[in-house]
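The values are calculated or read from the model by the stated rules, or taken from the named source; none is laboratory data. Here the structure is a predicted model, which is why all the values come from computation and not from measurement. Virtual Cβ from ideal backbone geometry, glycine too; neighbours counted across all protein chains shown. These area figures cover heavy atoms from the full protein model, side chains too; ligands, DNA and RNA do not enter into them. Shrake-Rupley method; radii C 1.70, N 1.55, O 1.52, S 1.80 Å.
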Amino acid sequence: MSSKRESPEESVHQKTLERVSDAIVSVDTDFQYTYLNQKAEELLGKTESELLGEIIWDAFPDTQNSIAQDRIEKALHTNQKTQYERYNESVDSWFNVRVFPDTDGLTIFFTDITEKKERAVELERYEQIIETLPVAVGQNAPGSEGAFEYVNNGMVEMFGLESKEKAMQHSPADLYADPQEREVFNKKIQANGEVHDFALELEKPSGD
């Protein structure tokens, strides 16, 4: 009795799928698993042999009536690729999920975006703290003419600006009463990476 051998192309394709950092699964038109790479086995906590032939919703009941089921079924029925983000409680992680339909079913890629989500939450928390400070805070793009990328309400109030949007039309260079002080300030930052106790005179866009 002879067994089917993998072609060189199939072997290379298989090795590539096993090496990528994404979890990858394939299902047929009945939503039964037909393939899992090693990363997917680690993520799902089950081996390929355990899941082959199993329907997604039966193997993982928590996906029933979820955004995952809705998007995956819609991708197959419309033959349109889709993507969504989903929190997986069992592994305490966020994933960006991309679904690609073909004539045999679907291929699904899972990318771990937990770190990105955590950074976004920390940034939002940081900005909320900055907004409550009774001081002017501004962050600008690099360069002597770099425009403001962020300002807090304190900056708007101190310089008599109409809004944050109006404030970000300016660069720090616009606020220096003496342009030479700007050059000295930049040189100190370039030399030491930080500046302490540097006194300077600023003016409002109105000229005050």
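Among the candidates Val91, Val99, the residue that is part of a loop (DSSP other than H, G, I, E, B) and over 30 Å from Asn152 (Cα atoms) is uniquely Val91. Of the candidates Phe198, Phe185, the single residue that is closer than 26 Å to Tyr126 by Cβ, surrounded by fewer than 13 Cβ atoms within 10 Å (Cβ to Cβ) and free of Cβ contacts under 8 Å to residues at least 40 places away in the same chain is Phe198.
The residues of the stretch 13-43 that are open to solvent by 40 Å² or more (accessible area, probe 1.4 Å) and either among the acidic types (Asp, Glu) or at pLDDT 85 or above (or both), listed by number, are Glu18, Thr29, Asp30, Gln32, Thr34, Gln38, Lys39, Glu41, Glu42.
If a residue has to be in a helix (DSSP H, G or I) and open to solvent by less than 30 Å² (accessible area, probe 1.4 Å) to count, how many in the stretch 44-68 make the cut? Please lay out each step first, then the result.
Narrowing the stretch 44-68 to residues in a helix (DSSP H, G or I): 44, 48-51, 56-59, 61-63, 67-68.
Filter again for open to solvent by less than 30 Å² (accessible area, probe 1.4 Å), leaving 51, 56-57, 59, 63, 68.
Of the residues in that region, 6 qualify.
Of all residues in the stretch 71-95, those satisfying the criterion of being open to solvent by less than 70 Å² (accessible area, probe 1.4 Å) and either at pLDDT below 90 or in contact with a helix residue (DSSP H, G or I) (Cβ under 9 Å, 6 or more places away or on another chain) (or both) are Ile72, Thr82, Tyr84, Arg86, Asn88, Val91, Ser93, Phe95. Filtering the stretch 63-95 to residues that are in contact (Cβ under 8 Å) with a residue 24 or more places away in the chain and within 15 Å of Phe31 (Cβ to Cβ) leaves Ala68, Arg71, Ile72, Glu73, Ala75, Leu76.
Can you name the residue in the stretch 96-108 that is touching a residue at least 40 places away in the same chain (Cβ under 8 Å) and crowded, with 18+ Cβ neighbours inside 10 Å and is also farthest from the chain's Cα centre (by Cα) among such residues?
Filtering the stretch 96-108 for residues touching a residue at least 40 places away in the same chain (Cβ under 8 Å) gives 104-108.
Subsequent filtering for residues that are crowded, with 18+ Cβ neighbours inside 10 Å retains 105-108.
Values: Gly105: 28, Leu106: 24, Thr107: 22, Ile108: 19 Å.
That would be Gly105.
Reported count of residues in the stretch 123-153, each being open to solvent by less than 40 Å² (accessible area, probe 1.4 Å) and out of contact with any helix residue (DSSP H, G or I) (no Cβ under 8 Å at 6 or more places or on another chain), is 2. The set of residues in the stretch 156-182 being open to solvent by 90 Å² or more (accessible area, probe 1.4 Å) and under 15 Å from Asn140 (Cα atoms) consists of Glu165, Gln169. Which number in (1) under 28 Å from the mean Cα position of the chain (by Cα); (2) at pLDDT 90 or above marks the one condition that Asp58 misses? Going through the list (1) under 28 Å from the mean Cα position of the chain (by Cα); (2) at pLDDT 90 or above, Asp58 breaks only (1).
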